[in-house]
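Comments concern the structure below.
The values are calculated or read from the model by the stated rules, or taken from the named source; none is laboratory data. As the structure is a prediction and not an experimental result, all values here were calculated from the model. No Cβ is skipped: glycine too gets one built from the backbone with ideal geometry, and neighbour counts run over all protein chains shown.
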Amino acid sequence: MTAVQTLFLLFYEFFFTGLLAVGGGYATIPFLQSIGRRRPYWYSGEQLAGMIAGAQCVPGPFGTNMATFVGFTVGGLAGAAFSLVALMTPTVVIGIIAAGLMDRFRSSARMEALMQLLRPASAGLICAAAFSLLQISLASGSAWDWREPLSWLRWFDWRCLALYGALLPFAFWKKLKKVHPLAYVAVGALAGIAVGL
């Protein structure tokens with residue numbers, strides 16, 4: 001595959017991700033997993049887990065960070081630019097159109113019905129993203145077959161579960177509420193390194 005074909009494929013994949021990922025940046029995760037399954041030569045499940053961790057640690061919206069990470073991994077700087085522009089294009093176009101129509105349809109029953117339809121879709125994508133993050137973080141990027149719950153046990157990385165269980169209470173400890181989030185990231189990273197994750 002040539003570099004130009006790769007750039008066009010990146011644009012295609014992220015354009016439709018931006019068009020369909022209703023509910024914010026985390027709603028892109030199921031789409032990214034689907035892209036990885038369709039194009040395994042772009043990135044593996046473990047590489048996607050690393051990109052998600054990186055996207056959460058740098059400033060900026062999660063969805064655009066992920067598009068940039070994936071684009072850069074697959075196609076260098078040009079790939080990062082194509083992926084970012086592709087992800088943002090549908091949102092910008094729809095936003096411009098919606099802004100022009102908002103005053104006209106603000107009290108429209110049809111617009112309210114459309115919003116009512118989008119809410120469950122958005123909630124579903126966010127729940128799928130939460131499930132995907134659980135998979136990625138507790139199973140070291142391995143994929144589960146959701147139709148076979150008993151098979152999940154063989155995919156768990158028990159070190160991840162133990163570390164998660166040990167660190168979770170600290171998130172609810174009142175004295176630590178004022179601690180900067182970067183401290184949590186640093187402690188989690190050091191603990192992960194210590195147990196060999």
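See the values below:
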| item | result |
| --- | --- |
| Which numbered condition residue 109 misses (of (1) modelled with pLDDT of 80 or more; (2) more than 30 Å from residue 182 (Cβ to Cβ); (3) of a type in the set (A, V, I, L, M, F, W, C)) | (1) |
| Segment 13-72 - residue that is of a type in the set (Ser, Thr, Tyr) and in a helix (DSSP H, G or I) and, of those, surrounded by the most Cβ atoms within 10 Å (Cβ to Cβ) | 28 |
| Index of the failed condition, residue 97 passing every other in (1) assigned to a helix (DSSP H, G or I); (2) modelled with pLDDT of 80 or more; (3) touching a helix residue (DSSP H, G or I) at 6+ places or on another chain (Cβ under 6 Å) | (3) |
| Residues of segment 76-109 satisfying the condition of being among the small types (Gly, Ala, Ser) and crowded, with 21+ Cβ neighbours inside 10 Å | 79, 83, 86 |
| Only listed residue being over 17 Å from residue 22 (Cα atoms) and of a type outside the set (S, T, N, Q), chosen from 123, 78, 86, 128 | 78 |
| Some residue of segment 117-135 being surrounded by 12 or more Cβ atoms within 10 Å (Cβ to Cβ), assigned to a loop (DSSP other than H, G, I, E, B), at pLDDT below 85 and out of contact with any helix residue (DSSP H, G or I) (no Cβ under 6 Å at 6 or more places or on another chain) | no |
